[in-house]
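Quick notes on the structure that follows.
The values are calculated or read from the model by the stated rules, or taken from the named source; none is laboratory data. Not measured: the values here are computed from a predicted model. Every residue, glycine among them, receives a Cβ derived from its backbone with ideal geometry; neighbour counts consider all protein chains shown. To get the accessible areas, we keep the full protein, side chains included, count just its heavy atoms, and leave off ligands, DNA and RNA. Shrake-Rupley method; radii C 1.70, N 1.55, O 1.52, S 1.80 Å.
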Amino acid sequence: MIRFDNVSVRYPTGTLGLDGIDLEIPDGQFVVVVGLSGAGKSTLVRTINGLVPTTSGTLQVDDRVVSGASKRQLRRLRAQVGMIFQSFNLVTRTSVMNNVLVGRLHATSWWRSLLGLWKPADRELAFEALERVGIVDKAWVRASQLSGGQQQRVAIARALAQEPKVILADEPVASLDPPTANQVMRDLERINRELGITTVVNLHFLDLARRYGQRIIGMRQGRIVFDGTADEADDAV
Ligand code: ADP
Ligand code: ADP
């Protein structure tokens, strides 16, 4: 479970990124966070994997208290949280396989990864992840040769290879055309259904959110202004 108790985030610039968030996300839920640019969506997901430190309140992910955690504790947490970004964040000059193996870095020594001496179990997990997103045939292709939708699937596979407890996707479809965006959302939803990984997806547009979110959280100015089902969101807007 992810649990926010009165969590605020103030950036060094003085901007309030989160303003007293109370939120519980049970294990296995598929949550979509919507809001305009600057509403705090990104800050919300980045606090969950410890990328943005909380200023006050308590944040727990599973049994770990993230607020005030040590660097070592945060490393452990991040190993369990798969991140997906708008810009894919792949190393495009190398193969799809090498990109997915990045998801296994936390489980291997630095010298093994430098020498490419991956354990068979790590390669197996990478292959399984690529199969799950339907691009195992692209394993040995350079990432730069894939379309945007395919690159985002590689990023999803990289997250899955981590064997994560939580997947966080920060505007994962913002740079994709609508049909591709729908495909990627369907992939994320199917993976949530098949593997039961708690998933939090930030989206800019309410129409996509209504189509895919079991639970929709609306944000404005660092606060939660809506928390309900897609049908309830219809009535609220
Ligand atoms: P969203 O993801 O909904 O666009 P963000 O979480 O990125 O919203 O931003 C919430 C608020 O925090 C905005 O006012 C934004 O300008 C501010 N903010 C985000 N990141 C930083 C940062 N690194 N430093 C200072 N202010 C930031
Ligand atoms: P998929 O083919 O798995 O559905 P997409 O929906 O992302 O993946 O692909 C969109 C289209 O872009 C596909 O028809 C694909 O063949 C094409 N495409 C493939 N590689 C590139 C590329 N490097 N640049 C632009 N389009 C590409």
Sort the chain into rounded, prolate or oblate with this rule: let a ≥ b ≥ c be the square roots of the eigenvalues of the Cα gyration tensor; rounded if a/c is under 1.5, and if a/c is not under 1.5, prolate when a/b is larger than b/c, oblate otherwise. oblate
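Summing Lys, Arg as +1 and Asp, Glu as -1, what charge do residues with Cβ under 15 Å from the Cβ of Ala143 carry, Ala143 excluded?
+4
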Along the Cα→Cβ direction, 7 angstrom out, place labels at Trp111 and Arg78. What is the inter-label distance in nm? 2.3
Give the shape of the stretch 1-99 as rounded, prolate or oblate, defined through the alpha-carbon gyration tensor: a ≥ b ≥ c are the square roots of its eigenvalues, a/c under 1.5 means rounded, and otherwise the shape is prolate if a/b is larger than b/c and oblate if not. prolate
Send over a whole-number figure in Å² for the accessible area per residue of the stretch 1-150, probe 1.4 Å. 52
Cα-Cα longer than 25 Å, checked against Lys41/Lys138; Lys71/Lys138; Lys41/Lys165, kept in input order, equals Lys41/Lys138; Lys71/Lys138
May I ask you to list the trypsin sites (Lys or Arg not before Pro) in the stretch 92-176 that are in a DSSP loop and have at most 13 other Cβ atoms within 10 Å of their Cβ? Arg93
Could you tell me whether the stretch 130-237 comes out rounded, prolate or oblate from its Cα gyration tensor? Rule is a ≥ b ≥ c as square roots of the eigenvalues, rounded for a/c under 1.5, then prolate if a/b exceeds b/c, otherwise oblate. prolate
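Whats the longest run of the chain with zero chymotrypsin sites (Phe, Trp or Tyr not before Pro) that are DSSP loop and have at most 16 other Cβ atoms within 10 Å?
1-139
By the scheme Lys and Arg +1, Asp and Glu -1, what is the net charge of all other residues having a beta-carbon under 10 Å from that of Leu101?
Taking every Cβ under 10 Å from that of Leu101, the sum is +2.
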The stretch 47-100: relative contact order as a whole-number percent, Cα under 8 Å and 6+ apart: 26
Run the quick spin-label model on Val225 and Arg10: label points 7 Å from Cα toward the beta carbon, then report their separation in nm to one decimal. 2.3
Report in % the part of the accessible area of the stretch 99-237 that belongs to carbon and sulfur, leaving out ligands and nucleic acids; probe 1.4 Å. 50
Using amide H atoms built 1.01 Å from N in the peptide plane, name the residues 5+ places from Val141, or on other chains, whose amide H lies under 5 Å from its own. Val96, Met97
